[in-house]
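A.B. asks: Questions regarding the structure given below will be posed in turn.
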Amino acid sequence: MSATLIRHKWALVICFALVLLLNPHKQSFANQPSFGRASWYGGNFHGRRTANGEYYNMYAVSAAHKKIKFDSLVKVTNLNNGQSIVVRINDRGPFIPGRDIDLSYGAAQKLGMVSDGVVPVKLEVLAKPKQYARRGGD
């Protein structure tokens, strides 16, 4: 190979690497877990509209998150007892510092965290099934 061709290939590789590193629109990988604190909300919000326009059902399995797209499916694992559940994001919150996800009462029951109130959790965003998506974005 000529020296010019080698330089062009390296320039292309460097440009590609810069685009990947500096892309402000890149999204995190769906299989990378994050860790935080979960709380739950119920009675005072039951029957009110959520941020995506649905009526909140405290007995359903759903959750609120500040950034994860609506209708995303998230596996939440209670790190205190190892129980996990898959919830659908349909609201925004929590709005209390130090909390990362607000679960419906129904989800909190299944995770065994109602009496604890706030627990450490692992969050894993799962692939969003096309048949489940109702909105084009947030």
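Each row is one residue, and each column tells you yes or no for (1) surrounded by fewer than 20 Cβ atoms within 10 Å (Cβ to Cβ); (2) under 18 Å from Pro33 (Cα atoms); (3) in contact with a Cys (Cβ under 9 Å, 6 or more places away or on another chain).
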{"site": "Val76", "(1), (2), (3)": "no, yes, no"}
{"site": "Ser84", "(1), (2), (3)": "yes, yes, no"}
{"site": "Val87", "(1), (2), (3)": "no, yes, no"}
{"site": "Pro94", "(1), (2), (3)": "no, no, no"}
{"site": "Gly98", "(1), (2), (3)": "yes, yes, no"}
{"site": "Leu111", "(1), (2), (3)": "no, yes, no"}
{"site": "Ser115", "(1), (2), (3)": "yes, no, no"}
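A.B. asks: Would you confirm, using the coordinates I've provided, whether Ala60 is more than 18 Å from Val86 (Cβ to Cβ), at pLDDT 95 or above, outside any strand (DSSP E or B) and in contact with a strand residue (DSSP E or B) (Cβ under 7 Å, 6 or more places away or on another chain)?
C.D. replies: Against the criterion (more than 18 Å from Val86 (Cβ to Cβ), at pLDDT 95 or above, outside any strand (DSSP E or B) and in contact with a strand residue (DSSP E or B) (Cβ under 7 Å, 6 or more places away or on another chain)), Ala60 does not qualify.
So that you can scan it fast, the table gives a plain yes or no per residue for (1) within 13 Å of Val121 (Cα to Cα); (2) charged (D, E, K, R):
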{"site": "Gly43", "(1), (2)": "no, no"}
{"site": "Gly53", "(1), (2)": "no, no"}
{"site": "Phe70", "(1), (2)": "no, no"}
{"site": "Lys75", "(1), (2)": "yes, yes"}
{"site": "Val86", "(1), (2)": "yes, no"}
{"site": "Gly93", "(1), (2)": "no, no"}
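A.B. asks: Take the residues in region 34-65 that are exposed (fewer than 14 other Cβ atoms within 10 Å of the Cβ) and of a type in the set (Lys, Arg); name whichever of them is farthest from Asp116 (Cα to Cα).
C.D. replies: Checked region 34-65; the qualifying residue farthest from Asp116 (Cα to Cα) is Arg49.
A.B. asks: Oh, and also: Within region 63-88, which residues are of a type outside the set (Ser, Thr, Tyr) and not in a loop (DSSP other than H, G, I, E, B)?
C.D. replies: The answer is Ala63, Ala64, Leu73, Val74, Lys75, Val76, Asn78, Ile85, Val86, Val87, Arg88.
A.B. asks: Considering Arg37, Arg49, which residue is within 15 Å of the chain's Cα centre (by Cα) and modelled with pLDDT of 95 or more?
C.D. replies: Arg37
A.B. asks: Further question: In region 65-124, which residues are closer than 19 Å to Arg48 by Cα and of a type in the set (Lys, Arg)?
C.D. replies: Correct list: Lys66, Arg88, Arg92.
The values are calculated or read from the model by the stated rules, or taken from the named source; none is laboratory data. Keep in mind that this is a model prediction, so the values were computed, not measured. Positions of Cβ are backbone-derived with ideal geometry, glycine not excepted, and every protein chain shown enters the neighbour counts.
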